[in-house]
Amino acid sequence: MLELIFAVLLIAAFATLFIKSGRIAAIISLIASAMPLIAVMDWANDFGIKAFSFGVENSMDFSIAGITMHLSITSFAWFFAVMVFSLLPPIFLFSYSFFEKNNGFFPFMLFLITAVFGILLASDFLTLFFFWELMAASSFILVYISRDKKAIMSYLAFSVLSAVLILVGIALLYSQSGTLIFSDIVLNADKVTVSAIILMVAGFAVKSALMPLHAWAPFVYSKADEPFVAFLSGGLSKVGYYGMFFMLFALPGAKILHQYFNSGVATYLLAVIGAISAFIGTLLAFMEDDLRKLLAYSSIAQLGYIAVGFGIGSSLAMAGALFQAFNHAFFKSVLFLAAGAVAYRTGKWKISELGGVGYKMPFTFMAALFAIFALAAIPITSGFAAKWLLYEAAVSNKYIFITPIMLIAGVGAFLYSFRILYGVFLGENRHDDIKEAPLPMIAGMFLLVLPLIIFLIFPGYMLDMMHSALVDAGIGTISHTNYVIRTGTASYNTLAVVIGMMVVMIPAFLIYVLRKQKKVDFKDNFLAGEPYEFYGYISMHAANNFYKPIEDVIMPYLRKGAISFYTALYNAMGRVSDASRKIYTGLSQDYTIYIIIFFFIIVGWLIW
Amino acid sequence: MVTPVLMIAIPLLAAFLMPLIKKAHRYFTFSILLLNAILSVLLFAKVYNDGAIYETIAGFSPPVGIYLAVDNLSALLALIINLFATINFVTSKKDFKFSMLYLLGVTGATGIVLTGDIFNMFVFFEITAVASYALVASKKDEKAVEGSIKYMILGSVGSSFMLIGIAIIYSQLKSLNLYDIAARISSMDPKMMWLSFSFLLTGIGVEAELFPLNGWVPDAYEGASSNIASFLSFGPSKASIYAIARLLIIFSMSRTYELALYVGIATLLIGEVAAFMQKNEKRMLAYSSIGQMGLILIAFSLIKDTSYAIPAAFFIIVSHASAKSSLFLISGKKGFGGITSKYVGLAGVLSLIGMPPMAGFWGKWYLLMGIADEKMWAVAAVIIFSAVIEAIYFARYLHKNLGEGESEDLGYSIPAAVMVSVSIVMGILPLIYNMAGGVLNA
Amino acid sequence: MMWPEYITVAALISIGLYGVMAKKNLMKIFIALSLMETGVNLLLITIGYIPGGTAPIENGNFAKYVDPLPQALVLTAIVIGLSVTALALTLLIWYHSKTGTLEYRRGMRW
Amino acid sequence: MVVEKIAVIALYTTIAMFVGILFMGVGRKIVARVHNRVGPPVYQGFIDIAKLLTKKTNISHGWIYDLALLFSMTGIMLTILFLPIGGVKLLSMEGDAFLVLYLLAIPALGFALGAGASGNPNAAIGVMRALVMMLSYELPFVITLIALMIYYDTSSIAQIVEMQHAKWAIMIPPFVLAAAVADMALQGMLMEAPFDIPTAPHEIASGPMAEFGGKHLGALMIYKAGTIVAYTTLFVDLFLGGGVVMHDGSVLAYLANFAVWFILIFLVFTLSLLINTSFPRFRIEQAFKFYWKYEALLAFISLIWVYLMVIS
């Protein structure tokens, strides 16, 4: 069965490579992408969750070039697999309408899925790295389709950086333990192992866009095709975190780091990096005018929280981190898809050029609205439960630096949420001639919203899902019922919040919303009945330079960021390159001198 | 009935018959190359099954006789050279002289790989080198001629050095047979041994594009027409780097391996760094080739210590031969211009930077595993650095070629696609094979 | 030892190398290359030479053979050198007809 | 049991609203006196709200616009439910300070929706200012909150209140500093001068509320009343022991605690009003700098102080 799934994915990938029509390719991809999801659902039985069963075996060995690749599912990989593969059918459903022509999105997306499936199933380092690279390659081609220079260059450079960091890490571990199979590896707290763990965590962090290694994200997220970006931000970043989770808790690297440094300084550093990611990502997000860049920085910020959870490493924090990962997978996919739907209808990306889309595309707006609530962690969404767990974890460990930064980043999320709401969906109605997005797009987005609603009322289900992952990783779970989470010091009852909210909302809803009234043209609001032409064309849309006052204060401090650092590095490297090429003077006389010098040097070196 | 001699003799004879077959020379040459490729497949199969072949020519026994020695790696290299030569020749549109030179070049490269005699190696070097000079110049414009002249000057200096090295060895051991030399190398006067090694390394290093002996590389690649640049990158350079590997095995001393490692690192760094900002596409690919040769040399320098070195070198050679040759084939015009070129470019670049399912992935994997065996972390750092540099300039290369530009020439891009698919096949063939088996079992 | 021969070899090779390194005119460079090849060929012959030895023709006097192999090698090397020189001159003619000079115009570098 | 609880909750929220509306009137009176005016009667708030709620609105700006009201009412009501009032824990065992922080942000997002849907640029600017203000004052406030959490080793407000039975937080040296910081944050939360930037009536026509009228405005006034109670109660709960003076659970204790709570929030509110009357309005970036530079620094000093106290 497992071979069958790989075979179906690959055959579908090759088939779609030659299909011109985006519609047919989308249907094929949709069916193919359901295969791993079925397998994942099937494996739920293994991890304490009752589900239907097809009898998909959960481990398998391939032999390649004299090396055996071991595949088997583990509880933590399963948890990540659930979140990653649930995203795919809705995304392909969305793509059915998004792509008129198959521009290469479908085949490489399917290769990407194959790769991700392989990464999550890998139980030795060769398999892990092989599929990791396959993922990097296929996602690079998906970026390449976007034709944007910065996106292509930064993505390839950082993909390769991540790959070689991981490869060197694997090599270091291999040199220490002499095996590549996860279950056989025994780690000691020595220098080589510790550097291997750090290198590999850094390598995985590239994919999860953690702060100093995030420089590719704004470019790629803002230029590649939206369905792919939805998966990149929702799914692939989680694969990076799966790698980190695996290194730190399954292997278990965190303990080794702790032993080696005699304190939790290394993991604390990870948490600090995550918190700074969240903080700076948020600040950059709300000052961004490009909708997709805004979402990119918001992704960086939201993903930072997961790193904080991993860094703290207590059961609370891990539950929060995994919960946050799950939520982020869904709400960010919805947001990117909604951005795609908006662009599909309007062709615009700049927030200052959009406006009033929500009046014409109410269902898209509904989906996006709910995703934004989850993003901002409004307590009526599952987004809050995740962040609550993280805050609790941070404050109960008395992290006086991380906690306020995380909290203020959480507040900052409201700022960019409003920017999306006001700038794109509400405000001045500039798009009288657009229609609602096509049905498959809406269906795709609502399918992705569904889990957010389920886990809003029953966060306990989510904690059940991650239960075996956390137990297997030796972290331990927290006490909870279906709707109450308890920590040592506090508890959070979603039912109380939701019922309380309903009790207040329903009467107000009845009083204020269910009335028969005349709808006012929104233009009357700010033109006071004057004809529109009276002012000539004045944009009443205040979304341009929206946070200007605060931007003026903050920006000077953020000007020297990671991206400008990398640009400077690139330029410096360019100068070195230009200088070193001067060796090739174009004169055979000089080259002969080099030969003589080389000869005498090696003679000297060898004889003396 | 497959003997390695045929693989040298047939194209050599065919080359000299060429003036007689002026009209159908392209079909003739192509069929000869195809025959050679088939022979090399059979040869590889034989060597793979029965072990290495040692064959003497002209009846003398070693150490005096001419001697061919074929092991797994050399059979593979012969296969690659002949296979790519066949594919590459499809793009040739020149007259019979070109075909003749081309056949000579292939003969020489094959001979370098298969021979077991150091002076024969020199002769084959000269054959392939003289053919390559002429081939580079065959474009007949100023750049081609200038590149060819530089190549020729440095090549001649290099061959003189090589001959001096051979003379020193012969004066000491009275033997030219590689295995004989290898067996008795320790009986040489150490100073003479080091001297001869230095001469040989310098001499072969010129052809093998090692820093700082590679001054001709960018100019010759830039001047040459696309298919000749492609030929240079899978033919002479690969054969020469293999010759250096043999040289290292013969002078099997830790100092020589160490030296090779340092030279490899220097070559890798200089090549990649120089390519980083190079705007001229062919020059960039040439510098990148230099870097890759350094990588191969690093892999070879680990031969003594780790069993990962040979597969690493092999996969990098395959990856580089197929990817760089195909990139050269589609280079030389504005933009990829078509879907075939675009995917060839992508696959080539992905193979070079070592991503699966290309051969380059396995090269990178085995190389790093070998380095792990040796715990040479500084080398690992250099490889990280150069990989990132390489990724950046190849990304820029890919982006630059995205523009519409001229439409692609399928006569070039389809052979390029076939070449690059060799890299893919080498990377994934076992995988498909196993998965098909798995499906059947289920 | 045969110092005069070796000194001649060293001198020829050095002069050749000097010419390749220092001369601007491509023709002179190729002349220097030929000189260098001559030096190398002389080296090969010197290696095989035994003072007082005869030509390696079978006449029963085995001990006084000059080593025949180097001479065979030199023959090959001379042929190769010849072909290289011929090609070089062809290229020079082409170069001159394209550029009107026999020096590098330094268009190709870096 | 459940019915009792619901009855208590309903009672307390109603009382809280009345208190809030009363405070609005009192506030106007106090401000007027400071300005040396007579001012409206203290029950003016009730009159205004009654009048507005009886008005009929004939026009609609669409359902998104109405969400503003739903969200603001919901947010503030829930906040009150999750805060202990005079030691009475309504729902505050079911959530903690983080929940309260986020619940307090719901109205802001609601306003964002409403302002956006109304299409009025002034409203958008007002919301922008409100959100920036939120970002500004939350930093120092959150830091003081964390100081409290670390000191009492809990994040539940109810437990923080309980643990202050012996000694109010404000009597502990570092929390004097923290309370001063939190009071300035409170000034921002209540949108009183010098931080009345978001509504700024003369500048941007009351900002987010620009388009609201009739029943909507009435509901907003109730919301405003709710915010006064909620924020002052939060401050009292955190630093002044929630106004709890008797712990025996008798009826008398209930009454006494309630009375003390009432007095304390009145004092806090009055203090805020006095600051309000004596300062002109900051610009938004000045407010931001004020909170993030000086306030945050002071708050952080108190946090480190507390941290050192706890770990030693």
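Only bridges with both residues in the protein assembly as shown count here: give the DSSP antiparallel percent, nearest 5. Antiparallel bridges: around 90 percent, rounded to the nearest 5. Residue by residue, region A:181-194 carries 3J(HN,Hα) couplings of 7, 3, 5, 8, 6, 10, 9, 10, 7, 10, 4, 5, 4, 4 Hz when phi is fed to the Karplus relation 6.51 cos²θ - 1.76 cosθ + 1.60 (θ = phi - 60°); x denotes Gly or Pro.
Using the rule -39500 (n - 2.57) for each DSSP H run of four or more residues, divided by the residues of chain A, the 222 nm mean residue ellipticity is -22500 deg cm²/dmol. Selection among A:378, A:143, A:589 by position relative to the dipole of chain A gives A:378 as farthest towards the positive end (Cβ unit charges, Cα centre).
In summary, the aspartates and glutamates within cross-link reach of residue A:255, defined as a Cα separation below 15 angstrom excluding same-chain residues under 8 places away, comprise A:190, A:472. Relative contact order, whole percent, for chain A stands at 13, derived from Cα pairs under 8 Å and 6 or more residues apart.
The ranking of C:105, A:559, D:129 from fewest to most other beta carbons within 10 Å of each one's beta carbon is A:559, C:105, D:129. Here's how it looks for residue D:90: its modeled amide H is under 5 Å from those of D:85, which are all 5 or more places away or on a different chain. Evaluated with a Cβ-only charge set (Lys, Arg +1; Asp, Glu -1), the protein assembly as shown carries a dipole of roughly 2800 debye about its Cα centre, given to the nearest 20.
Pairs of alpha-carbon atoms within less than 8 angstrom and 6+ residues apart define the contacts here; what relative contact order does region B:253-442 have, in percent?
Details: 290 pairs, mean separation 49.9, N = 190.
Here the relative contact order equals 26 percent.
Less than 5 angstrom separates the built amide H of residue B:67 from those of B:57, B:116, B:117, all sequence-distant by 5 or more or on a different chain. Averaging the Cα positions of each part gives two centres, and for region D:296-312 and region D:152-203 these lie 16 Å apart. Straight-line cross-link partners of residue A:101 among the aspartates and glutamates, defined as a Cα under 19 Å from its Cα and at least 8 positions apart when in the same chain: A:225, A:226, B:404.
Helices in chain B, meaning DSSP H runs of at least 4 residues, each add -39500 (n - 2.57). Divided by all residues, the mean residue ellipticity at 222 nm is -26000 deg cm²/dmol. Beyond 20 Å in Cα-Cα separation lie the following of the pairs D:51/D:215; B:93/B:333; A:191/A:238: A:191/A:238. Averaged over the residues of C:73-83, the number of partner chain Cβ atoms lying within 10 Å of the residue Cβ comes to 4. Across the cross-link table entries A:350/A:387; B:150/B:334; B:364/B:400; A:293/B:282; A:582/B:140, which are compared at the Cα atoms, the separations over 32 Å belong to A:293/B:282.
Close amide H partners of residue D:246, meaning residues 5 or more places away or on another chain with modelled amide H under 5 Å apart, are D:257. Applying the Karplus relation 6.51 cos²θ - 1.76 cosθ + 1.60 with θ = phi - 60° to region A:268-280 yields 3J(HN,Hα) values of 4, 4, 4, 4, 5, 4, x, 5, 5, 4, 4, 5, 6 Hz, where x marks Gly and Pro.
Laboratory data are not the source of any read-out in this text; all were calculated from the coordinates shown. Everything numeric in this text was worked out from a predicted model, so none of it was measured. FYI the Cβ positions are ideal-geometry reconstructions off the backbone, even for glycines, and counts take in every protein chain you see.
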